[in-house]
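Working notes, structure below.
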Amino acid sequence: MDLQSIIKLDEQYYMNTFGKRTPVCFERGEGITLYDTEGNAYTDFFGGIAVNALGYGHPGLTSALTEQVQKLLHTSNLYYVKNQSLLAEKLIQHSVADKVFFANCGAEANESAIKLAKMYFYKKNQPEKSEIITLQNSFHGRTLACVAATGQEKYQKPYAPLTPGFKHVPLNDFEALKQAVDEKTAAIMVELVQGESGVHPMTKEYALDLAALCKEKDILLIVDEVQTGMGRTGTWFCYENYNIEPDIFTLAKGLGGGVPIGAVCAKAEVAASFSPGDHGGTFGGGPLATCAGLAVCEAFEKENLPENSREVGNYLKQKFVNMAENFPTIICVRGMGLMLGVVFSEPIAKKLQQAMFERKYLVGAVGDNVLRILPPLIITRSDADDFCKVLASALKSL
Ligand SMILES: *Cc1c(COP(=O)(O)O)cnc(C)c1O
């Protein structure tokens, strides 16, 4: 089927929530290369929005999934699920959490985290502690509660009245956070690097103050690691970069290496507030999704991918900084590991993304000024070198 026919079907039958998409449809991939329906090859530096941590056709993930598909897809949570237990064990071994619950995506993981935080205070006979503080320009997903948690008006306005109980404060302004906290505050939920709104890292100082405030006031700290987690920021989980310990953190994107899965991870005392029947799900933690998660974790261990993310991420970041000498339109580079944003003084991000696409490279753009880079965690220094050569050529063409 050719691209034009696919576009025609999409326009006729698919709800237009994604607008005019990049005119390409991929059929298969290998490593960090994607092949489209017309036979063109593209180098992927966007990783399906931070999802394809292992790139494409990773042998470990492919063979584990192939075997699982032939054995069993779904049984429900009425029965024990081996891969679910094994993946839970793996996540606990690598994190500060004690217990896991699996969901199907990031928003659903965040919903679970919000419910868990409320349940924690409900069971402690403090039901008045029910409000959640989040940050302006945050992104927590598309369900109704997550839209209310998300600190961006454009996602909220049409869906009023919003789920009550959320307050938003500016990032890295500790005074504002202190002012917002009151006796109703149950949890503070944050991204340590805001991804969707343009790669804005939290400062270390703010993160430490935030964690200390939560301890002092008996407030749960929820870290949304849906994007920053699973090696993306150069460690298994981004909170490691900040020397803080969340009470609850959520995962999704990279966890399944392309298979939908989400997770909420919590400290024992918090996790214990979910009793049988308090939360659930038909699909979450099924044999297939958790098989994918397990294969991703095993690849992380064998191939040291979080370390690779840090090492190649630092290398790439430094190369962007060096490029700024020849291209003064580059103001700065934000982010850590392989979650980077190149910030421009002129509104060229979309044109640059297009110029990169013409050169068969996939990247993202946020607003007019930020190029967003989220490659698979398997990239090498040589891939980074190639990328920067092409980026320089694209910049020159503008
Ligand atoms: C992508 C994202 C989500 C939403 O995840 P979905 O799988 O799309 O529901 C939530 N939080 C953050 C930080 C994200 O980047």
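Things worth noting here:
- Computed over the chain with a Gaussian network model linking Cα atoms closer than 10 Å, the most mobile of R28, R334, R232 is R28.
- Rounded to 10°, Cα long-axis angle of helix 381-397 versus longest principal axis of the chain: 70
- Against the main long axis of the alpha-carbon atoms of the chain, helix 82-93 sits at an angle near 90°.
- A straight Cα-to-Cα reach below 15 Å connects K215 with the aspartates and glutamates D182, E183, E245, D247, E269, residues fewer than 8 places away in its own chain not being considered.
- Of the residues T150, T75, the one with the fewest other Cβ atoms within 10 Å heads the list, and the complete ranking is T75, T150.
- T163 versus A41: modelled label distance in nm, points set 7 Å from Cα along the beta carbon direction: 4.5
- Distance between the 7 Å Cα→Cβ label points at C25 and C388: 3.8 nm.
- Theoretical ellipticity at 222 nm over the chain - DSSP helices of four or more residues, -39500 (n - 2.57) apiece, nearest 500: -12500 deg cm²/dmol
- Gain in span if fully extended, V321 to K351, counting 0.36 nm per residue against the direct Cα distance: 8.7 nm
- Put simply, when 284-296, 304-316 are sorted by average Cβ atoms within 10 angstrom per residue, most first, you get 284-296, 304-316.
- Estimated from the Cβ-Cβ distance and a Förster radius of 25 angstrom, the FRET efficiency linking K82 and E301 is about 0.85.
- Cross-link table K319/K389; K253/K319; K129/K178, entries beyond 20 Å C-alpha to C-alpha: K253/K319
A short reminder: the numbers here are calculations on the coordinates, not readings from a lab. These numbers come from a predicted model, not from an experiment. Cβ coordinates were reconstructed from backbone atoms using ideal geometry, including for glycine residues, and neighbour counts include every protein chain displayed.
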